[in-house]
Amino acid sequence: SACARTGVSAGVLRGSVKLAGRPETEMSGKIKEPLLGSGEHKSGGGHEEKSRAELELEQERAFIAQTDPKTGLTPAEHAARLEKYGPNCLPEVEVNICLKFLSYFWGPMPIMIWLAIIVEAINQDWEDFVVLAILQFVNGMVGFIEEKNAGNAIAALKNSLRPSCRVCRGGQWREGDATTLVPGDLIELVIGDVIPADAILLGPGDPLQVDQAALTGESLPVNIHPGGKVKMGSAVKRGELKAVVCATGANTFFGKAADLLNIEDTQGRFQKILFKITLALLFISLVLCAIIFIDLLVTADDTSSHTIFGALSVVIVLLVASIPIAMQVVCTSTMAVGSRRLAQRKVIVARLSAIEELAGMTILCSDKTGTLTQNKLSLREPNLMGDMTDDELIFYAALAAKRGDMQDAIDGCICNAVKNKAALDEFEEIQYVPFNPTDKRTEATIRAPGDGSIFRVTKGAPQIILHMAHNAADLQATTEAAIQSLADRGFRALGVAISYSPPDAEPKWEFQGLLALFDPPRYDTKKTIETAVAMGVEVKMITGDQVAIAKETCRELGMGTNILNTEVLTNPNTSAVDLDAIIMESHGFAEVYPEHKFQIVDRIRKQGYVTGMTGDGVNDAPALKRADIGIAVEGATDAAKAAADIVLIEPGLSVIIEAIQRSRKIFQRMRNYCIYRIACTIQLLFFFFFAVLFIRPSDLSDGADDEKNFTLPVIAIVIITILNDGTIITIAHDKVIPDRRPQKWDLTEVVIVSTLLGLVPCMSSMLLLVLGIKANS
């Protein structure tokens, strides 16, 4: 039996046999040189001068050697170093609050108001002078308070997205705030982590595969061996190792290069829309105000009060009242306040413009595990295909699982199913290769108790495990039938194989059987998907599971069962047009790799659909970044959170639907504001334009003191502006009903509605003006 070949009696599995003393392989005390040696890069000759980087690395290694590799820093040492080195974050430039307040009185619009104030002072019109000064102060104060509130909301969101890491202090491992890391802290890095600080990797162990594209521009991940240095901000793509922090905050590679990094800040479609609207209104305002100014000067005579300063004062105030310079600020503030409300509903917005894009989302590509399903696996009766019993198959699968309290759902489920958990600790783990999206399996090299024999055990995707086995041909038909049978019932199959080959020889894997795992849909998922479809959002499943399991889950959720594998994506005979049609007609994809997720999202976006993508793992990060709205679900890795626009801190899909509803309300408010602001500009500008050019009070009235040209006092224009702003404030907090369809900016509709709303009061104002002047006859 398997137990006999590993030198273990069946009693060990039941806990009745004690092991002989296990050899001492763990290092005690301080870090020794062999622990770091494999990562060194020595110069060619002993007398050659070492590079600056090599000298720095040697100094850092000497520094971290003061840290105990088993217990880390003591709480007292951590507190002292935190006081010495400060928090692990980049220093932010603190702006003097007084200078910030004064900046609201200097800019394109404030300068125009200052010019109007100077003109009124020259004319000695002190009433208008005081009114304009009050308007300048109120505008500055409101802008300062509005942006301060928006900044507070964004700061609160940033705090909720603070990075975390697993750190050991005083011998206790815990999940902690990465900003409290200090040089010398002992941390653990696993797949999906964003490295929280510069650190030196500890051995023994396989190298980490690290993506440093954000720092160095390298497109491919690099392998960093124990003893090598990993940099803050890079992402772990494969492997897991412990490390000791050697630099934090501004002293890291990332911190030193922060000022030199060229970070591309691409405009979202919302910013582009606002820019187009503002530019169009600015052009119209400048043209009409220039015509009004020229007419006031040309038609002025000796009896007219329209001197050049008087005409300039009227035109400047009119220009201030008509140009919607504050449109961007108001809309941004509205989104910031809305994002704070979303945060109260467990939806953290990392990019404000994502709110507007979420309101227009038409297709949501959702992963299955943990989002559509409960992510709480249960183990069913195994399918045996070797010489192991049910309990032995589960036990040996648990040996191939990650040990400790940082297990994923699958490893936790298998280990919890072991009847004698104490026996697991009697098997010494020599080497462990964690799961990664490419190999889709884990592997452990184990030393058995008793005779100390060494064997290897692996678990993972059944097709991959079976393909590795030397007896694959004999078991292929039976195994595929068993996998299909489990899949038809909605179970997930996990293959288990064992090798008794010597450690230095190529493993000869023996396929032992299948574990049956079941992850049922969440109780609210079906209703949530029905709600999403009713709101015009199509939900597609994208999962790494087998096609049969994906179909079964989709059938239970009523999503449709047209689930395809990745062969259609990689088929060279499929044209781009046909591939786009296939993707849109499908209900989802199964057995996908990270590049497939990226390809699916990219092709959907290129067809003009506003696409959302949910994910939680490091393998989801490229697709999350590519989607219009990347959504990191509850429990996502740091890499997924960093790539996402929205982070959920509550499990399930229902949170996303609520976020869509709230984002559509915010969109309605911004749309209403834009329509109203354009209508106000049209009403005010065209009323003055037609009134100044075509209405002559002296011709319509018998009054001796009537002016040749119609104008309003500056104070009247200021009052109109203040009343308009008051109405705008109410629109920003308007109670709106979210649309049942995805929202998008239809500029033609916005312009038509705004023009009608602006011209109707403009014509009524013109009529009232004529009647009012004639009433003086």
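The values are calculated or read from the model by the stated rules, or taken from the named source; none is laboratory data. Every value quoted in this text rests on a predicted model; they were computed, and no experiment measured them. Positions of Cβ are backbone-derived with ideal geometry, glycine not excepted, and every protein chain shown enters the neighbour counts. Surface accessibility is based on the protein's heavy atoms, side chains included, excluding ligands, DNA and RNA. Shrake-Rupley method; radii C 1.70, N 1.55, O 1.52, S 1.80 Å.
A few remarks follow.
- Subset of region 560-619 that is free of Cβ contacts under 8 Å to residues at least 12 places away in the same chain and of a type in the set (Asp, Glu) - its residue that is farthest from Ala359 (Cα to Cα): Glu567
- Positions within region 231-261 being within 23 Å of the chain's Cα centre (by Cα) and either part of a loop (DSSP other than H, G, I, E, B) or at pLDDT 80 or above (or both), in sequence order: Lys231, Met232, Gly233, Ser234, Ala235, Val236, Lys237, Arg238, Gly249, Ala258, Asp259, Leu261
- The residues of region 543-554 include none that are modelled with pLDDT of 85 or more and surrounded by fewer than 21 Cβ atoms within 10 Å (Cβ to Cβ).
- Odd one out for Lys540 among (1) closer than 17 Å to Glu591 by Cα; (2) open to solvent by 20 Å² or more (accessible area, probe 1.4 Å); (3) among the charged types (D, E, K, R): (2)
- Failed criterion for Tyr396 (all others in (1) surrounded by 14 or more Cβ atoms within 10 Å (Cβ to Cβ); (2) in contact with a Lys or Arg (Cβ under 6 Å, 6 or more places away or on another chain) hold): (2)
- Matching helices (runs of 4 or more DSSP H) fully within region 33-117 where at least 3 residues are modelled with pLDDT of 75 or more: 75-85, 97-103
- Hits in region 187-206 - residues which are open to solvent by 10 Å² or more (accessible area, probe 1.4 Å) and outside any loop (DSSP other than H, G, I, E, B): Glu188, Val194
- Within region 432-445, residues that are in contact (Cβ under 8 Å) with a residue 60 or more places away in the chain have Cβ atoms under 8 Å from residues that are open to solvent by 30 Å² or more (accessible area, probe 1.4 Å) and among the hydroxyl-bearing types (Ser, Thr, Tyr) in these pairs: Pro437/Tyr593; Thr438/Tyr593, counting only partners at least 6 apart in sequence or on another chain.
- Summed over region 360-406, the residues that are β-branched (Val, Ile, Thr) and over 30 Å from Glu658 (Cα atoms) give a count of 2.
- Residue check for Asp488: surrounded by fewer than 24 Cβ atoms within 10 Å (Cβ to Cβ) and under 23 Å from Thr369 (Cβ atoms): yes
- Considering residues of region 208-230 that are among the β-branched types (Val, Ile, Thr) and either modelled with pLDDT of 80 or more or open to solvent by less than 30 Å² (accessible area, probe 1.4 Å) (or both) only, the residue farthest from Thr179 (Cα to Cα): Val222
- Residue within region 498-513 that is free of Cβ contacts under 8 Å to residues at least 24 places away in the same chain, part of a loop (DSSP other than H, G, I, E, B) and of a type outside the set (A, V, I, L, M) present: yes
- As a summary of the residue check, Ser339 satisfies the conditions (1) polar (S, T, N, Q); (2) out of contact with any Phe, Trp or Tyr (no Cβ under 9 Å at 6 or more places or on another chain); (3) open to solvent by 10 Å² or more (accessible area, probe 1.4 Å) except for the one numbered (3).
- Residue check for Lys419: more than 22 Å from Ala550 (Cβ to Cβ) and either open to solvent by 60 Å² or more (accessible area, probe 1.4 Å) or touching a Pro at 6+ places or on another chain (Cβ under 6 Å) (or both): yes
- Region 627-640, residues that are at negative phi and either surrounded by fewer than 24 Cβ atoms within 10 Å (Cβ to Cβ) or of a type in the set (Ser, Thr, Tyr) (or both): Asp628, Glu634, Thr637, Asp638
- Residue check for Asp620: more than 17 Å from Asp211 (Cα to Cα) and not basic (Lys, Arg): no
- Qualifying positions in region 498-508 - open to solvent by 10 Å² or more (accessible area, probe 1.4 Å) and in contact with a helix residue (DSSP H, G or I) (Cβ under 9 Å, 6 or more places away or on another chain): Tyr500, Pro507
- Residue in region 530-537 that is under 27 Å from Gly360 (Cα atoms), touching a residue at least 60 places away in the same chain (Cβ under 8 Å), open to solvent by 20 Å² or more (accessible area, probe 1.4 Å) and assigned to a loop (DSSP other than H, G, I, E, B) present: yes
- In the set (1) part of a helix (DSSP H, G or I); (2) under 32 Å from the mean Cα position of the chain (by Cα), Asp425 fails one condition alone, (2).
- Checked against the criteria, Gly450 does not count as within 33 Å of the chain's Cα centre (by Cα), within 23 Å of Thr389 (Cβ to Cβ) and modelled with pLDDT under 90.
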